[in-house]
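The values are calculated or read from the model by the stated rules, or taken from the named source; none is laboratory data. Only a predicted model underlies this, so the values are computations on that prediction, with no experimental measurement involved. No Cβ is skipped: glycine too gets one built from the backbone with ideal geometry, and neighbour counts run over all protein chains shown.
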Amino acid sequence: MDSSGVDAAAFATRLLDWFRSHGRHDLPWQRDPSPYRVWVSEIMLQQTRVETVVPYFERFMARFPTLEALAAAEEDAVLALWSGLGYYSRARNLLRAARRIAAHHGGRLPEEPSQLMALPGIGRSTAGAIMALGHGLRAPILDGNVKRVLARHRGVRGWPGRAEVLRRLWAYAETFTPRQEVAAYTQAIMDLGATVCVRRRPLCGRCPVAADCVARREGLQQRLPEPRPAKRLPERETFALLVVDGEGRVLLERRPPQGVWGGLWSFPEVAGRASAEDWWLARLGMPAPKAEALPPVRHTFTHFRLVLHPLRYRIGALPPRVTEGGHWRWHDPAAAGPVVGLPAPVARLLERLAGRNAVT
């Protein structure tokens, strides 16, 4: 029994009993589970819903079925399969980690938490999931679903992003994680948060641990866990230059490896419409043709909102300074599926240019 009077063993037993009948057992990463498949799924599931992740995971595994295959991949191939999933640093870190594992760990994911957390993109909770679900070793996890379950069940006040609140939640995660059936328990508590103890309108009548849940007893289900303190997101504007040649191909530029959409392919951007004239002369060695302004595209990031103003230019021939390779490429919007990594707003604009969702 923990310091708050809850029997940790009984908590785990109730959860495991519920999981056998009501948990999720047919997710693609649960079939033929391995540390590698668990790792890829956990990275994809960070800040992303299961329903969104499933088709991405299946395509990724079809292309990179083993860690060795991923370690040997080109970054463009990995980012292309990640296009639309967002948070692209996850994909770049996945590739960097795979190469490091191949070089320094014999191609096998480590079983030690410290070695796992030394790899790019793997934090404490992801390391715990790999250990528990992939290796069958006891390790607590604390993803978003588990935070919600524990914050409500133990009545933990405060935003989980605060260090003190996070410390308390980790302590409960450690206490409640059993020494037996750790993989089943880990999946069970994630499933409880994803299907019963949901963010809005939790299904308390179906919860196996509702009897001693503080939030249910005190009517705090809608207030816990407490949200991030409100903060108005700043708005940024940029102009995207859609250079279309006589064959309908669009000029794309690889973005720097760091920063927003790092390493992805995007339209060239300038700060303002007047700057576009300078860009044409400096980068392509020719005056700017007449621009056609298209409807703006809005996209929300974690820390700001972006307003993208597209300017379409039609040209009859390739600019003399532009050649394939390096940081330039000509992209056919009508091509089936992404062949390189594309940010979601860029992919949407390319679909419009291809006529699948015509720009007016």
Inset, instruction - Exactly one condition in (1) closer than 14 Å to L353 by Cα; (2) of a type outside the set (D, E, K, R); (3) at pLDDT below 90; (4) in contact with a helix residue (DSSP H, G or I) (Cβ under 9 Å, 6 or more places away or on another chain) is not met by V297; state its number. - result: (3)
Legend entry - Which numbered condition A211 fails, given (1) in contact with a Phe, Trp or Tyr (Cβ under 9 Å, 6 or more places away or on another chain); (2) among the aliphatic types (A, V, I, L, M); (3) over 30 Å from G316 (Cα atoms): (1)
Legend entry - Those residues of region 154-177 which are of a type in the set (A, V, I, L, M), touching a helix residue (DSSP H, G or I) at 6+ places or on another chain (Cβ under 9 Å) and in a helix (DSSP H, G or I), in sequence order: V165, L166, L169, A173
Inset, instruction - Please work out which one of (1) of a type outside the set (V, I, T); (2) buried (at least 17 other Cβ atoms within 10 Å of the Cβ); (3) within 30 Å of P333 (Cα to Cα) is the condition G246 fails and give its number. - result: (2)
Inset, instruction - Could you list all residues from region 44-79 that are out of contact with any Leu (no Cβ under 8 Å at 6 or more places or on another chain) and farther than 13 Å from L94 by Cβ? - result: Q47, R49, E51, P55, E58, A62, P65, T66, E68, A72, E74, D76
Legend entry - Of all residues in region 166-175 being touching a Pro at 6+ places or on another chain (Cβ under 8 Å) and either not small (G, A, S) or not assigned by TED's automatic domain parsing to the domain that holds R206 (or both), the one that is farthest from C207 (Cα to Cα): L166
Inset, instruction - Could you check, for region 274-286, whether at least one of its residues is in contact (Cβ under 8 Å) with a residue 40 or more places away in the chain and in contact with a helix residue (DSSP H, G or I) (Cβ under 7 Å, 6 or more places away or on another chain)? - result: no
Legend entry - Which listed residue, of V156, V182, V209, is touching a His at 6+ places or on another chain (Cβ under 8 Å), touching a residue at least 40 places away in the same chain (Cβ under 8 Å), hydrophobic (A, V, I, L, M, F, W, C) and in the same structural domain as T13 (by TED's automatic domain parsing): V209
